[in-house]
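Written below as structure tokens is the structure these notes are about.
Only the coordinates and a few stated rules stand behind these numbers; no lab work does. Since we're looking at a predicted model, the values are computed, not measured. Methodologically, a virtual Cβ is constructed for each residue, glycine included, from the backbone with ideal geometry; neighbour enumeration extends over all protein chains shown.
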């Protein structure tokens with residue numbers, strides 16, 4: 001259970017996207033995922049691999065933030081569905097994916113890492129400033 005930065009870990013060395021909100025425990029970034037506007041990651045600041053590496057209080061806090069991101073995306077992006085995922089198979093640094101999904105995205109109804117079902121996706125722009133403001137509103141007391 002190592003909490004010091006890992007020199008081999010991209011999420012210890014870089015933000016992992018455009019930072020929308022940050023505190024001493026975690027950061028929320030907008031991921032650069034073409035075709036998936038509003039795709040966010042909630043990244044634990046300290047290098048940890050699994051949820052059970054965190055004390056119970058921190059686990060609960062992390063999930064509250066994941067849910068606040070989901071709520072903010074639902075308000076601003078108005079997707080048909082939100083996918084939540086914590087994989088870490090490639091980057092073993094604790095992070096959650098919060099992904100707005102639309103019936104006309106390239107992979108729907110499959111996972112975005114699965115088989116594409118269409119070549120063209122619908123256009124669903126997300127206003128980054130509105131999303132950051134919504135996050136600040138939902139996280140102001142946390």
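Sort 66-74, 126-134, 85-93, 100-108 by packing, meaning the average of other beta carbons within 10 Å per residue, with the highest value first. Walk me through the intermediate numbers first.
Numbers: 66-74: 20.4, 126-134: 16.0, 85-93: 13.0, 100-108: 18.4.
So the peptides 66-74, 126-134, 85-93, 100-108, ranked by packing, come out 66-74, 100-108, 126-134, 85-93.
Rounded to the nearest 10 degrees, what's the angle between the helix 128-139 long axis and the longest principal axis of the chain, both from Cα atoms, 0 to 90?
50
Quick one: helix 56-77 against the long Cα principal axis of the chain, what's the angle to the nearest 10°, folded into 0 to 90?
20
If r is the Cβ-Cβ distance from residue 18 to residue 52 and R0 is 22 Å, what FRET efficiency results, to the nearest 0.05? Present the calculation step by step, with values, prior to reporting the outcome.
On the way: r = 29 Å, r/R0 = 1.34.
For residue 18 and residue 52, the calculated efficiency is 0.15.
List 27, 59, 118 from most exposed to least, where exposure is judged by having the fewest other Cβ atoms within 10 Å. Walk me through the intermediate numbers first.
On the way: 27 21, 59 14, 118 11.
So the residues, fewest neighbours to most, are 118, 59, 27.
Which of 52, 7, 18 comes first, and how do the rest follow, when ranked by fewest Cβ neighbours within 10 Å? Walk me through the numbers on the way to the answer.
Values: 52 10, 7 7, 18 13.
Taking fewest neighbouring Cβ atoms as first place, the list is 7, 52, 18.
For the chain, what relative contact order do you get, as a whole percent, if you take Cα pairs closer than 8 Å and at least 6 residues apart?
Numbers: 234 pairs, mean separation 33.2, N = 142.
Once normalised by length, the contact order is 23 percent.
Going 7 Å from the Cα of residue 84 toward and past its Cβ, which residues in region 29-51 have a backbone nitrogen under 13 Å from where you end up?
Residues 42 qualify, since their backbone N sits under 13 Å from the label point.
If you average the alpha carbon positions of region 95-122 and of region 31-62, how far apart do those two centres end up, in angstrom?
Comparing the Cα centres of region 95-122 and region 31-62, I get a distance of 20 Å.
Once you place label points 7 Å from the Cα toward the Cβ at residue 8 and residue 75, how far apart are they in nm?
4.1
Neighbour counts of other C-beta atoms within 10 Å: give me 21, 113 arranged from fewest to most. Walk me through the intermediate numbers first.
Numbers: 21 21, 113 9.
Going from sparsest to densest Cβ surroundings: 113, 21.
Compute the convex hull volume of the Cα atoms of region 12-112, divide it by the residue count, and report the result per residue in Å³ as a whole number. Could the numbers behind the result be given before it?
Working: hull volume 10.3 nm³, N = 101.
With only Cα atoms used, region 12-112 gives 102 Å³ per residue.
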